[in-house]
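The values are calculated or read from the model by the stated rules, or taken from the named source; none is laboratory data. On a predicted model such as this, the values are computed, not experimentally measured, just so you know. All Cβ positions, glycine included, derive from the backbone under ideal geometry; neighbour counts span all protein chains shown. Surface accessibility is based on the protein's heavy atoms, side chains included, excluding ligands, DNA and RNA. Shrake-Rupley method; radii C 1.70, N 1.55, O 1.52, S 1.80 Å.
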Amino acid sequence: MKISLASALGTCFGVKDAINLALEPQFKSDLTIVGQLVHNHQVNESLKTNGVSVVNGIDEIDQIKTKKVMITAHGAPEKLKKKLAEAGLVVFDASCPLVMRVHKTIQLMVEKGYFPVVIGQESHVEVKGIVGDLDEYIVINDEGDLEKLKTTGSCKFGIVSQTTQQVEKVENLVRKIRQMDCVEDVAFVNTICQPTRDRQIAVRDLADQVDLMIVIGGYNSSNTKKLVQVCDERNVEAHHIESSSQLEQKWFINKNHVGITAGTSTPEYVINEVHANILNIAQEMGCLEKFDVH
Ligand code: SF4
């Protein structure tokens, strides 16, 4: 049996930068993060251990006890940042530049007269940030949502995507929109970020070679769920776990090639723990000598 790591996996630069900023000594427990800095349980726990506080969102602004606050890598509307500053707080912005690119792109489209459309999950904090400063918009997540375009009264649509969407899904939805009778003009900028694309391509390549994939990442991590989806689409058995303790020996019975991938919020040490635990399981199963680790 072989164990292979995806050629691109784990923490992206946006998440790394955000975590590093939150852990800077200048804050010395005087920092509250507005929302989860990243969708990863272990990272958020380690931030708390370092004295960093967290509130769920703007609704909990009165619970902030520190002088400094941080916007997460997922970004936030300008009006939220303004509200925090008006409350006398010093705002540190860890928004990923690739998320900010989506904000700027959709704003530009609106200025050019396009009705803004975001492909993504309406309830996701990144999408809330993208649309938070817009007067009108629609968010679509699947073909069932396309009807929403007809309710806008517009025939000119500017489309962007949540950074962690699946490439094929986004391209398919844009194709469908272009074919709609009510649509005359479409401006589309594919704003899926490069680290997400790299991880999707890598998991696809690996899924074609393995008979079991272990996908590591937060259960609320959008891009991790997409990695599982890629495996499902290829009928490859995939198990989504957050930590190495969740690995189950029975998954590995009669498997020839095991793949490991991880979402953009998953730290390297968690990937290493999972890798090591798979080796332990193999040892317990008495087939470690057969493992060929890549
Ligand atoms: S997933 Fe992409 S957009 Fe999100 S933080 Fe990472 S690099 Fe930035």
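What to note about this one:
- With Cα atoms as the point set, the radius of gyration and Dmax of the chain evaluate to 21.0, 66 Å.
- Its Cα centre serving as origin, region 13-95 has a Cβ charge dipole (Lys and Arg +1, Asp and Glu -1) of approximately 120 debye.
- With Cα atoms, 0 to 90° folded angle of helix 167-179 axis to the chain main axis: 40
- Couplings 3J(HN,Hα) of region 116-127, computed from phi: x, 10, 10, 8, x, 9, 4, 7, 6, 4, 5, 5 Hz, in residue order, whole Hz [Karplus 6.51 cos²θ - 1.76 cosθ + 1.60, θ = phi - 60°; x for Gly and Pro].
- Cα long-axis angle, helix 222-233 against the chain (0 to 90 degrees, to the nearest 10): 60
- For region 94-126, backbone nitrogen atoms closer than 14 Å to the point 7 Å from residue 184 Cα along Cα-to-C-beta are found at 113-115.
- Rounded to 10°, Cα long-axis angle of helix 13-22 versus longest principal axis of the chain: 80
- Among 165, 200, 249: highest mean-square fluctuation, GNM of the chain, C-alpha pairs under 10 Å: 249
- Under 5 Å from the amide H of residue 139 lie the amide H atoms of 118, each residue being 5 or more positions distant or on a separate chain, with H modelled from the backbone and absent for Pro and chain starts.
- Cross-link pairs beyond the 19 Å C-alpha cut-off, checked among 48/79; 169/226; 148/176; 28/65: 48/79
- As a calculated quantity, the FRET efficiency between residue 148 and residue 24 at R0 = 35 Å, using C-beta atoms, amounts to about 0.25.
- Helix-only CD estimate at 222 nm, as mean residue ellipticity for the chain, using -39500 (n - 2.57) per DSSP H run (n ≥ 4): -11000 deg cm²/dmol
- Using a probe radius of 1.4 angstrom, the carbon and sulfur fraction of the accessible surface of the chain is 48%.
- A crude spin-label estimate for the pair residue 268 and residue 123, with each label 7 Å from Cα along the Cβ direction, gives 3.5 nm.
- Region 98-188, Cα convex hull volume normalised per residue, Å³: 86
- With a Förster radius of 35 Å applied to the C-beta separation of residue 287 and residue 172, the computed FRET efficiency comes to 0.25.
- Farthest toward the positive end of the dipole of the chain, out of 21, 251, 114, is the Cα of 21, where the dipole comes from beta carbon charges about the Cα centre.
- For region 1-96, with +1 on Lys and Arg beta carbons and -1 on Asp and Glu, the positive-most of 70, 38, 7 along the dipole: 7
- Cβ-placed point charges (K, R +1; D, E -1), dipole of the chain about Cα centre in debye, nearest 20: 480
- Summarised in one figure, the compactness ratio Rg/Rh of region 13-95, Cα atoms and Kirkwood Rh, is 0.92.
- Segment residue 211..residue 111, full-extension length gain: 31.1 nm, with 0.36 nm per residue of separation and the alpha-carbon distance subtracted.
- Sites residue 62 and residue 13 - FRET efficiency at Förster radius 45 Å, r taken between beta-carbons, to 0.05: 0.85
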